[in-house]
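Any read-out appearing in this document is the output of simple, stated calculations on the displayed coordinates, not a laboratory observation. These figures come from a predicted structure and were not determined experimentally. Glycine gets a Cβ as well: all are built from the backbone with ideal geometry, and neighbour counts include every protein chain shown.
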Amino acid sequence: MKRSIVITGGAGFIGSHVVRLFVNKYPDYHIINLDKLTYAGNLANLKDVELRPNYSFVRMDICDFDAFHALMQREHVDGIIHLAAESHVDRSIKDPFTFARTNVMGTLSLLQAAKLYWESLPERYEGKMFYHISTDEVYGALTMNCPEGVQPPFTTTASSTQHHMAYGTEFFTEATKYNPHSPYSASKASSDHFVRAFHDTYGMPTVVTNCSNNYGPYQFPEKLIPLFINNIRHRRPLPVYGRGENVRDWLYVEDHARAIDLIFHRGTPAETYNIGGFNEWKNIDIIHMVVRVVDRLLGRSEGADLDLISYVTDRLGHDARYAIDSSKLQRELGWEPSLQFEEGIERTVRWYLDNEEWLNNITSGEYEKYYESMYAGR
Ligand code: NAD
Ligand code: DAU
């Protein structure tokens, strides 16, 4: 079927992987990448697909209601995969307004424009989908009641590759009550509620997914893993927040993109799906792993750069532990992660070291000022 799909935030980290997957896999679809190109948006992430006949790019702010409504009419858009957002927790602590504007008002603006257009059609909502990409951070933080880590109580399927540790007995399920702590997660929680409200009030077919921490190529180097790879490369300090004991649940970005594809096509409207790899790690353990891999690949003695680790003031309101239970998605749609974390980290480090130009283009200019201001006084 010929479809016309808008992917918002397609020039960002996860969005670029979703755009690439859809452009390659669905030559009959028209994939429209809608992105404002904020500091985090980078069209260099999509060099390999930018000339494809089924791909186009539109520079637009998701808050621009009229422009988006006109685009929907012009392109007969029948599917929206919404990733555009302000995504970095540290920035949200410094500037919460930008997060409310983009993440809340921007999402509402897209929903309202989609409603207006789809309700004007004879078939109304039939064959339509508004898919909102959200985060596990909306659920708040879990306690770490097994600090040394234990085997998770549930296993994924027999062929599953991931099972690191569980650092507590509780997990985020689709039924977990929202309890966001940072301005970022509060804004994402609010946008999730608006999406569900458009289903419940107007009957719009919507789906929401809440995913754990992603890692992999094209992630903006303000986030833990690419920031540290870049700093090790330049032998800069590695600013570990607090004691480095916080736990995150990591998923390779291409596995997230595959889940999005599956859910967009086969997910049940009005449902929520949690996406995660059952792959919990303490920050400090990841940092040790990344240092060793970078050192080895750069021909330095393995672990030589561990002395770059520098414990700094903790992030305000720093959530202790995130851990996703993605068994619903695995059971109902047969998705599972494809990579062992160690293999994913090796692949990721290699990618950043092989793509120095991509990294250098980003980390020059404005980024330097951001980096200096973020770590000044720490
Ligand atoms: P990112 O910061 O790398 O990319 C965000 C993209 O959105 C950029 O291309 C940016 O230009 C664009 N954008 C920002 N404001 C915009 C606006 N007003 N109008 C149009 N475009 C705008 O983010 P990411 O890490 O790829 O995250 C993508 C989505 O996935 C976000 O909604 C985020 O909340 C969610 N998510 C991220 C993770 C993660 O680990 N990175 C995990 C779970 C969920
Ligand atoms: O859980 C999903 C979320 O993961 C997404 O919704 C967010 O968009 C994404 O940014 C990510 O949020 P985190 O805050 O978990 O990611 P970040 O890479 O910023 O930090 C990961 C952990 O590492 C966190 O515990 C804070 C810590 N950290 C981070 C940075 C940047 C440090 O110790 N030092 C650092 O310099």
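Listing Glu356, Glu245 from fewest to most neighbouring C-beta atoms within 10 Å gives Glu356, Glu245.
For the range 184-244, trypsin sites (Lys or Arg not before Pro) are listed when DSSP marks them as loop and at most 14 other Cβ atoms sit within 10 Å of their Cβ; the list is Arg235, Arg243. In plain terms, the residue of Asp295, Asp325 with the fewest other Cβ atoms within 10 Å comes first and the most crowded comes last, giving Asp295, Asp325. For the chain, the Kirkwood hydrodynamic radius comes to 21.2 Å, computed from all pairs of different C-alpha atoms. The length gained on full extension between Asn355 and Cys146, counted as 0.36 nm times the residue separation minus their Cα-Cα distance, comes to 71.4 nm. If you restrict to DSSP beta bridges whose two residues both lie in the chain, what percentage is antiparallel, to the nearest 5? Antiparallel: roughly 10 percent of the beta bridges in the chain.
Remark: for residue pairs Lys25/Lys328; Lys36/Lys177; Lys223/Lys282; Lys94/Lys188, the C-alpha separation exceeds 27 Å in Lys36/Lys177. Amide H contacts of Met204 (H built 1.01 Å from N, in plane; Pro and chain starts excluded): His199 sit under 5 Å, all sequence-distant by 5 or more or on other chains.
The HN-Hα couplings worked out from phi for the range 107-118 by the Karplus form 6.51 cos²θ - 1.76 cosθ + 1.60 (θ = phi - 60°) are 5, 4, 4, 4, 4, 5, 5, 5, 4, 4, 5, 5 Hz, whole numbers, x standing for Gly and Pro.
The angle separating the long axis of helix 13-25 from the principal Cα axis of greatest extent in the chain is about 50 degrees.
As a proxy for reagent exposure, ranking Phe228, Phe65 by other Cβ atoms within 10 Å from fewest up yields Phe65, Phe228.
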